[in-house]
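The values are calculated or read from the model by the stated rules, or taken from the named source; none is laboratory data. Since the model is a prediction, treat every value here as computed from it, not as a measurement. Cβ atoms come from the backbone with ideal geometry, glycine included; neighbour counts cover every protein chain shown.
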Amino acid sequence: MATYKQLQDQIKQLQNEAEELRKNELSNAISQIKMTMAEYGITLADLGFTNKKKTGRVRAPLAPKYRNPASGETWSGRGKAPKWIDPKNKDKYLIK
């Protein structure tokens, strides 16, 4: 019966062999893909790869809708309401 140390060494050896085989097969697969792409004139753009980074839409800052008469603080009406806003009567804080 094999010892724990022997089994660990065997596992490590098999993992190394598997990694070497994977590298060889990967190299072959990549070269086959390159040959097929060249044969059919396929580009990376055809496969959906682009150099452009997707950027989010740039939004202009919103004009404030509400003003705190005591401090002059403003709120655009979006997001969490500040504590000074009375949720029942927001109209009294509207900027006219």
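Observations on the model:
- For segment 24-65, a residue qualifies if it is modelled with pLDDT under 90 and aromatic (Phe, Trp, Tyr), and exactly one does: Phe49.
- Residues in segment 50-69 that are in contact (Cβ under 8 Å) with a residue 24 or more places away in the chain and surrounded by 10 or more Cβ atoms within 10 Å (Cβ to Cβ): Pro64, Lys65, Tyr66, Arg67, Asn68.
- Taken over segment 48-96, the criterion of being within 33 Å of the chain's Cα centre (by Cα) and of a type in the set (Phe, Trp, Tyr) is satisfied by Phe49, Trp75.
- Condition met for Lys34 (of a type in the set (D, E, K, R) and loosely packed, with under 10 Cβ neighbours inside 10 Å): no
- Residue satisfying all of: in segment 1-35; in a helix (DSSP H, G or I) and small (Gly, Ala, Ser); farthest from Asp46 (Cα to Cα) among these: Ala18
- Taken as a whole, the structure leaves Leu47 outside the set of residues that are in a loop (DSSP other than H, G, I, E, B) and either in contact (Cβ under 8 Å) with a residue 40 or more places away in the chain or under 30 Å from Lys96 (Cβ atoms) (or both).
- Filtered residues of segment 1-39 (kept if hydrophobic (A, V, I, L, M, F, W, C) and farther than 30 Å from Phe49 by Cα): Met1, Ala2, Leu7, Ile11, Leu14, Ala18
- With respect to the stated conditions, Glu25 is surrounded by 10 or more Cβ atoms within 10 Å (Cβ to Cβ) and not assigned by TED's automatic domain parsing to the domain that holds Tyr93.
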